[in-house]
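Enquirer: Okay, here's the structure, questions in a sec.
The values are calculated or read from the model by the stated rules, or taken from the named source; none is laboratory data. If you're wondering where the values come from, they're calculated on a predicted model, not measured in any experiment. Cβ sites come from the backbone with ideal geometry, for glycine too, and all protein chains shown count toward neighbours.
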Amino acid sequence: MATVAALNAANDETMSRRHLVCSLVDTMPWSIVLVDSSGMIAAISPSARRLLDVSAGSPAVTILPADIDDRTRVRFYQALACASDRMPGVSYVFQRLEPSPVEIEMLPIVLDHAGWVSVTLHEPSRQAVLHEATITLHRRLHALSSVASLREACHQVSEVLLPAGVSLAVIVWDARESSFSPVYTSPPWESIACDKRVSALALQQSAPLFISVTDQSIDHGITPALGARGHTVVLLPGNARRHYVLHLWGSSVSPDTETAMSVIAALLASLLAHALEREETTRQSRLLDALSDAAQAIMAHGTVDDALREICHRVMTLLRADHASLYLPAGDPGLLVCAMTAGVADHLRGRTLPVIGSLIGRTFREGSLMRFTDIESEPEMHRPFWEAHRLKAALNQPLHHHERVIGVLGVGWYQAPEPHDDDAMIIRRFAEFATAVLLNAHLRRTLSYPDDPRLVFEHSEELAFSLAPDGTILRCNQSAAGRVGVRPGMSFFDVVTPACEHEVRQYLQDAVTNQYPPPLWTFEVVSLQEQPIVLETTAQVIRRDASVIEIDLICRDVTARRAAEQEMRQLHLELTTLLRVSQAINRATDLDTVLSATLDIIVQAMAIHTAAIVLYDTESRLQLKLVHGISPSRIAHCNQLLAHMFQEEQEALAGGASRVIDVRTLRMQMPDLPALKRLPDDAAYLSVIPLLIDGVIIGLLECLSMQRPFEMRDRELLEAIASQLAQAIRNAQTNQEMRETSLMNARLYREAEAMRAYLDAIIQNVPDVLIVCRPDMSMQPLNQEPLTALGYQRHELAGQSLLRLVPPDNRTHLTRAWLQVRQGESQRFEMDLLRAGESRFTALVSLDLIPDYNEVLVVIKDVTELRRLEAQVRQHEKLAALGRLVAGAAHELNNPLAVILGLSQLQLGEDIPLSVRADLEQIERAARRAAAIVHQLRAFGQPRALELVPLDLSLVIDETLQRLASRIAAEHIAVTVDLPPDLPRVLGELHQIEQVVFNIALNAVQALALRLPGEPRHLRFSAREDSDSVVLTIEDTGPGIAPEHLSRVFEPFFTTRDVGQGMGMGLAVVYSIMQQHRGEVWVESSQGVGTVFRVRLLRTDETLEEESTPLLAIPRNLSVLLVEDDDLVRAMAQRALERLGCRVDAVSRGEEALARALAWNYALVITDLQMPGLDGVELYERLRVLKPSLRWLILTGDTMGERSSAFLQRTGLPVLHKPFTHEQLMEGIAASLQ
């Protein structure tokens, strides 16, 4: 049963703690969401509710943005899994951009054996929030510097820090009690039990210390559940017994803000230390004023009861007690009587309590201050008295007189207060007041027996004198004789100090002339040890028959009390001076103003001649910064004298300890010392105090006295002022640096903004996609235009993984490149990426690490079109190279073809048998076909000038269909021609465009022939007008082209057909012809569906003018010089010319032709261009000058170089291409003669 009860109690405690955590989260001043292990929102702060528009009880997934990337979603569910498994995890940060930018951090934690996910939100980011808070603190710094109390300063600072996610606490460490206690806490500190070791660590160092919540050696309590990611603690300046620790924690205190939090902590530590100092000085001042007022009020009362009642009331008020009472010895030595009370239990007055068996009696016996925190538990507690008041705590102070205890002053509280250093001083002071009142009353009672004045001397323990009206001592008691050394017959004025003699004479005169002298007065006498003694005196004038016969003085030694009062006044002066210095420092930010005000305060407070401040300049040279009462012009002159310094000054600068220089003695011993020239002749003492900041000496504070020396207390005060002054100099320098930095930052900000705008304009106009990726591959796109071309928007990709752009089959490649670039190796590679519609494009990808930001710059360049154009260029280059190869072969074929074609035509012109004629006709057709093939091969050679004319595509298509009619009918192919009636004409060379359409259509017919019976066989021709061009489409329903073959269809000799069904030149010729026509051809195909070829040709609005073919007439006996190096061609051409009725001289070399032409008058020269020796070009150049009337016809085998091409273009001579027919020969001759 006990075990069950214990478990129930533990469960109740856990539920109570859970309720506490959730209730705290619901009221947190910063944005936080607490998610339980079931994935539901257990609690949410008001600001987080505003940002997310969700409430407690909602699923945690509602925190995530709608466009979350896969990586963040995985990390989110991993965090929930950690909470479910009750395991702590690592934090993860991601961005939520809509509706406003918010930085979100998730941290799995374990609290009370339960798993949670603590989620913090910062708008727009944690760093930005802290930066804004720091700016606000600096803006309020001047107002905060004048706040009167530590609590008020903390309250105003909390108003700035709490919304920024930082909670503040100031904790004091009492070395005597070895305990921490809070001085100020901002919400929700009051409900948090945080490990005191967090604050204890600050006692071990002066710099701010950061402690992460992941540090398992520290018990962080429930702070991680409230959003804390760390603690920053720093020690404030304090005395040896009490140290103050500033403790900052919250959602903005994290490892990534450690530097920013250290800056804030250092700033607040300095600010709060000044507030503590002001508060302490003000408190001391008020306490001294209260004690002074109390003393005056007590002495003003005429009766002992009134004076003692005032004492009890005043001490109870100052100590905030509930009861005060005064106990004196009763007639019975074993009893004490309550002589006076104030507060509760007033009826105890007059009642007695035992000396043994009561706490008051214990204090009376032991004669020392005693503090009781639990009266009821004390063994000597006197129950009858305790039953009367039932006080919890008490503080008892004995009344001392000449080392005897004559009573006890006690105060009590219902609730034990925190002990304070001032408590003992206050009650001790009031005990002294009570002692004085009681002794004065005793003296008055003694003097009230005039019939026996000797009783004064017999009973008084004070100094007693009987004086004649002229001051002669008539009698004195043993105390007076032993302390002062007086005897009867002496003048009382012989022992009175000179400073008090006039005052004493005046008093005695007043006592003689007045019936009632002052009740209490003080003066000083000189003791046997020649030390001044302060006497507090009561006088009794004895008269006889209205004549004064003697004056009796009862004097109490109050030297110690006056010394204590002087000590208090000195302390008050020092504290006031430090307070005035602190106020002057905090009031001004200008360094000169701060220094001038401080020197004024020092000179006035210490009554010295002057003070000066010496500082190191930027070149580490000592310079007089300021001298009290000396103009800046004279300071410049004094700076020259700093070259000579006292040895003590050098020691102070070297060792950091203050020094006092006895100038008078030094002047007598070393009158010629150069450093003495800096000081006035009547200077007495020079105090030198180093100014130190963090152990570094920045200068000296020097004070000059013309009379009194600098005592230890003076030096301590000056050192305290120097410490403040050094910090003020550092603060002023820091403020100056901050102002300069602010101005520079403002300028840099403007420049940076201009540069940012400039760079942003550049970035936005960069044609490539620019993306910055975090270490987790999440993207932050920089420019929109290139993304638009790919179908993306920036906000869609922000926060998404880079892998979203990569096809699955390429992700391994990209991941390897990512790992390499994270190691600092830049990556350049080409790969396929995805457009928004999942279609692929070819991209050149660059990855470069940005070390300063630990990010990767990704540049994506769409090179799809570039690669297509490059492929076209490579195709063109291959075709051109192949063209040059086959053109050379064509040249070698042209000559034999020319012979075959020419001879066959010559034979057909003869009267031959029909069977032979049929064979010759077959030979002619074969030669023409071979010539056509050679003509196709010529397309790959050097481009020649095209004779472009307007063409009607419908006629070209009709011609093609006529040529393919038999094959189309045999394969049962359905043909559709769908041309607009108003289709513009195109520019092209008829035969080449016919070749293009024919080759593509032939490929389509051959592909359709592969279809199985019953499958669709359709061939469709269509065209459309497109801007300045016409696009012809030829599509079939054949089996299609395999994807791996699609890119090679225009390559020469590439074919997938069987041997003998084509040599793979048809589409290569098409491609070459379209290149020459400045057009395009491309193909699209889907296997099993069909293939589409598209041809783009330049359009024209011109119409084709039909020209009538002129009748060719060649003059009879036309003299022709034929120049041809090939014997067979020369013989065939000669026979053909002779059949045309020409007179022909045929030669094989250019040199021979030149000689013949010079010797004979030829009408026409027919010459080959390329010949050994003197070629056709050189032959023309020579004869053109010698015989300009010659007509020319140029023969060529179509392998002209640049020289030949330039020659023909320059001269415009008619050209006859080999092989040629008789008709073409006639046309060439006719063109030459025109």
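Enquirer: Only residues that are closer than 15 Å to residue 987 by Cβ and touching a residue at least 12 places away in the same chain (Cβ under 8 Å): list them for region 1010-1031, please.
Expert: Scanning region 1010-1031 gives 1023, 1025, 1026, 1028, 1029, 1030, 1031.
Enquirer: Then there is this: Could you list all residues from region 201-235 that are assigned to a helix (DSSP H, G or I), at pLDDT 70 or above and small (Gly, Ala, Ser)?
Expert: Once the filter is applied, which keeps residues that are assigned to a helix (DSSP H, G or I), at pLDDT 70 or above and small (Gly, Ala, Ser), region 201-235 yields only 225.
Enquirer: Among (1) part of a helix (DSSP H, G or I); (2) in contact with an Asp or Glu (Cβ under 6 Å, 6 or more places away or on another chain); (3) modelled with pLDDT of 85 or more, which single condition is residue 22 missing?
Expert: Among (1) part of a helix (DSSP H, G or I); (2) in contact with an Asp or Glu (Cβ under 6 Å, 6 or more places away or on another chain); (3) modelled with pLDDT of 85 or more, residue 22 violates only (2).
Enquirer: Restricting region 543-574 to residues that are surrounded by fewer than 14 Cβ atoms within 10 Å (Cβ to Cβ), hydrophobic (A, V, I, L, M, F, W, C) and not in a helix (DSSP H, G or I), which is nearest to the chain's Cα centre (by Cα)?
Expert: Here the answer is 549.
Enquirer: Quick check, is residue 1060 at pLDDT below 80, in a loop (DSSP other than H, G, I, E, B) and assigned by TED's automatic domain parsing to the domain that holds residue 1003?
Expert: When the stated conditions are applied, residue 1060 passes them.
Enquirer: Is it the case, given these coordinates, that residue 399 is in contact with a helix residue (DSSP H, G or I) (Cβ under 6 Å, 6 or more places away or on another chain), assigned by TED's automatic domain parsing to the domain that holds residue 313 and under 16 Å from residue 322 (Cβ atoms)?
Expert: no
This table checks each residue for (1) farther than 20 Å from residue 903 by Cα; (2) within 60 Å of the chain's Cα centre (by Cα); (3) surrounded by 12 or more Cβ atoms within 10 Å (Cβ to Cβ); (4) small (Gly, Ala, Ser).
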residue: 1176; (1), (2), (3), (4): yes, no, yes, yes
residue: 1194; (1), (2), (3), (4): yes, no, yes, no
residue: 1226; (1), (2), (3), (4): no, no, yes, no
residue: 1234; (1), (2), (3), (4): yes, no, no, no
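Enquirer: Which helices (runs of 4 or more DSSP H) sit wholly inside region 773-881 and have at least 1 residues that are touching a Leu at 6+ places or on another chain (Cβ under 6 Å) and among the β-branched types (Val, Ile, Thr)?
Expert: So the answer is 811-822.
Enquirer: Name the one entry in 148, 153, 143, 133 that is surrounded by fewer than 16 Cβ atoms within 10 Å (Cβ to Cβ) and part of a helix (DSSP H, G or I). Don't jump to the end; show me each part of the working.
Expert: Details: 148 fails: part of a helix (DSSP H, G or I); 153 fails: surrounded by fewer than 16 Cβ atoms within 10 Å (Cβ to Cβ); 133 fails: surrounded by fewer than 16 Cβ atoms within 10 Å (Cβ to Cβ).
Selected residue: 143, the only one of 148, 153, 143, 133 that is surrounded by fewer than 16 Cβ atoms within 10 Å (Cβ to Cβ) and part of a helix (DSSP H, G or I).
Enquirer: Can I ask one more? Which of the residues that make up region 431-465 are buried (at least 22 other Cβ atoms within 10 Å of the Cβ), at pLDDT 75 or above and in contact with a strand residue (DSSP E or B) (Cβ under 6 Å, 6 or more places away or on another chain)?
Expert: 431, 434, 462, 463, 464, 465
Enquirer: When only residues in region 351-378 that are over 16 Å from residue 424 (Cα atoms) and either among the polar types (S, T, N, Q) or outside the structural domain of residue 391 (by TED's automatic domain parsing) (or both) count, which is farthest from the chain's Cα centre (by Cα)?
Expert: That would be 352.
Enquirer: Would you point out the residue of region 33-46, among those that are outside any strand (DSSP E or B) and modelled with pLDDT of 90 or more, that is surrounded by the fewest Cβ atoms within 10 Å (Cβ to Cβ)?
Expert: 46
Enquirer: Within region 1024-1053, can you find the residues that are among the hydroxyl-bearing types (Ser, Thr, Tyr) and at pLDDT 90 or above? Break it down stepwise before answering.
Expert: Start the filter on region 1024-1053 by keeping residues that are among the hydroxyl-bearing types (Ser, Thr, Tyr), which leaves 1027, 1029, 1033, 1037, 1047.
1029, 1033, 1037 - these are the residues of region 1024-1053 that are among the hydroxyl-bearing types (Ser, Thr, Tyr) and at pLDDT 90 or above.
Enquirer: Something else: Please specify each residue of region 1072-1085 satisfying the condition of being at pLDDT 85 or above and of a type in the set (Ser, Thr, Tyr).
Expert: Matches in region 1072-1085: 1085 only.
Enquirer: Could you tell me whether any residue of region 398-414 is assigned to a loop (DSSP other than H, G, I, E, B), modelled with pLDDT of 90 or more and surrounded by fewer than 17 Cβ atoms within 10 Å (Cβ to Cβ)?
Expert: Yes, some residue in region 398-414 is assigned to a loop (DSSP other than H, G, I, E, B), modelled with pLDDT of 90 or more and surrounded by fewer than 17 Cβ atoms within 10 Å (Cβ to Cβ).
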